Structure formats: structure tokens, C-alpha cells
Amino acid sequence: MGGKEAGSHQVDTHLPEEMGSITASRDMTRQALEECGYRGRYDDVLLVVSELVTNALVHGDGRPWLRVRGGASRVRIEVTDLGPDLPRLRDPGPANGWGLHVVRMLSTDWGIAPAEGGKVVWCELVANLAPLPAYPFEA
């Protein structure tokens, strides 16, 4: 994320290598969103975090690392694991899940990159800060 706001608040944590980390990551992210004053849809951010952490636990190796960075208008989520295989979009459905498709649909940008000893899957979400249109009252 570029600009001053991008680094206004950052939280990093290693998560246990267990499915309970999904709930813990959502709780940590919700707190980070409140602390940084993010004005977008928390539900979208929390769903993306759930999907990325689930993928790291199911398809990756080792303890996932979660980073949440942002401010009032933008948030960036990064989930790193030690698995060497880069994820890829698959046809969504019961056999393959919807994870990366959900991330792609809710994020303004996302990507996958090799990281030291593994990979990082990241995404950015932007709050819609446009003012609501005035309601045309009838006289």
C-alpha cells in the first residue's frame, strides 16, 4: 500500500498451526480495524482473512504468519506460510472451494509471491468513502 496512511497501523502475529487460528485471526483483525479507524466493511475484510488463513492451514506448511496493515480508507492483509507451492485459482465448487475467488471478488487488488522459505498471499481492500447521495425530498 502506498502513501502515509498505508503504514498508519500494523499488526503482525504467528498463528498456531490449528483450525482455531481462523477465529483468532478474525478477532485480531477486527481489533486492528478498530484501532486503525478503517471505515470500510469489516465483514468483507474478516471473510478474506478467514479464507487466506484457512488456505494457509489446509494447503500450506508450518505456522501461518498474519499481517494486517492499514488506516481509515485502506487495509492490506498478508498471510505467509512455509509451503513452497503457490496457490492457483481453480474452478469454484464443493471439491475445490471458493477461497481465492472470494478474495479476488472482495479485494481491490491481490496477489501471491514467493517469500523466504515459502509464500505470501496478500490482498488490499479499500473503503468506499463516497458521501451518500442526497435524498430528493418532495416539497
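The values are calculated or read from the model by the stated rules, or taken from the named source; none is laboratory data. What you see is a predicted model; the values in this text were computed from it and never measured. Every residue, glycine as well, gets a Cβ built from its backbone with ideal geometry; the counts of neighbours run over all protein chains shown.
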Would you please list the contacts, defined by Cβ atoms under 6 Å and residues six or more apart or on different chains, that run from a residue in region 116-127 that is without any contact (Cβ under 8 Å) to a residue 40 or more places away in the chain to a residue that is of a type outside the set (D, E, K, R)? GLY117/LEU82
For region 77-98, enumerate the residues that are modelled with pLDDT of 70 or more and not β-branched (Val, Ile, Thr). GLU78, ASP81, LEU82, GLY83, PRO84, ASP85, LEU86, PRO87, ARG88
